[in-house]
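S.K.: What follows is a single structure, and I will ask about it in a moment.
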Amino acid sequence: MKIMAIAALAALGATAIAVQAKPAPAPASAGPSAAQLVAARQAAMAMSATSVNMLKGGSANGMPLKSLAFPANSLAKWAVAMPAMFANSTKGQPSRARPEVWTNKADFAAKADAMAQATKALAAAAAAEDKDAFASALASTGAACKGCHDSYQAPPPPKPAG
């Protein structure tokens, strides 16, 4: 009986200590590294080009525009998120982004906004099955891509001879 009382007191004491102890704070997430942001940015840009080409082909081949709404909406979401992928931490990372992305932020933001507006109109036209608006928005999307790339993307390296 005495051993049981001691064990009960020990358990009660351990419980009291455990209740008073505070867990260690969770480590703060450092977020993605600059290299990871650049890799994600490059992958999303490649998927964007694929989406634009698919949207062009689908509409040219008479696909119902509602069937193109998902890629159009995805492109619109990316257009809104895209400027954040050019965080200051990515400046020195190897990529085709020109330094002007970071030194001419107002113009870069304006070009990014033009892309966001064009893709928003593209998604709305697809949902509405409005062929004329879709064609116009698709042209505006292409122009927005080109306008930004002409100003802020270095040309690709030359292909090796062979």
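Values quoted throughout were computed directly from the atomic coordinates according to the rules given, and no laboratory measurement underlies them. This is a predicted model, so every value here is computed, not measured. Cβ sites come from the backbone with ideal geometry, for glycine too, and all protein chains shown count toward neighbours.
S.K.: Can you give the Rg to Rh ratio of the range 82-162, both from alpha-carbon atoms, with Rh computed by the Kirkwood formula? Before the final figure, lay out each step's value.
M.R.: Working: Rg = 15.6 Å, Rh = 14.2 Å.
Ratio of gyration radius to Kirkwood radius for the range 82-162: 1.10.
S.K.: Using mean Cβ contacts within 10 Å as the protection proxy, how do 155-161, 125-131, 84-90, 60-66 order, highest first? Before the final figure, lay out each step's value.
M.R.: Numbers: 155-161: 6.0, 125-131: 17.1, 84-90: 15.3, 60-66: 11.7.
In descending order of packing, they fall as 125-131, 84-90, 60-66, 155-161.
S.K.: To continue, here is another question. Tell me the net charge near residue 100. Cut-off is 15 Å between Cβ atoms, residue 100 excluded, with +1 for each Lys or Arg and -1 for each Asp or Glu. Can you show the working numbers first?
M.R.: Values: positive: 91, 96, 98, 105, 111; negative: 107, 150.
Counting the neighbours of residue 100, the net charge comes to +3.
S.K.: Report, by chain and number, residues whose modeled amide H sits under 5 Å from the one on residue 153, excluding near sequence neighbours (fewer than 5 apart, same chain).
M.R.: Hits under the 5 Å cutoff: 98.
S.K.: Highest first, please rank the peptides 44-52, 138-146 by the mean number of other Cβ atoms sitting within 10 Å of their residues. Don't jump to the answer; show the numbers that get you there.
M.R.: Working: 44-52: 15.4, 138-146: 17.8.
For the peptides 44-52, 138-146, the packing ranking is 138-146, 44-52.
S.K.: Would you mind getting the Kirkwood hydrodynamic radius of the range 66-122 from its Cα pairs, rounded to one decimal in Å? Intermediate results must be reported in sequence, preceding the final value.
M.R.: Details: mean 1/r = 0.0807 Å⁻¹.
The answer is 12.4 Å.
S.K.: Follow-up question, since we're still on this one. Just name one of 89, 73, 147: the one whose Cα is farthest towards the positive end of the charge dipole of the range 23-162 (beta-carbon charges, Lys/Arg +1, Asp/Glu -1).
M.R.: 89
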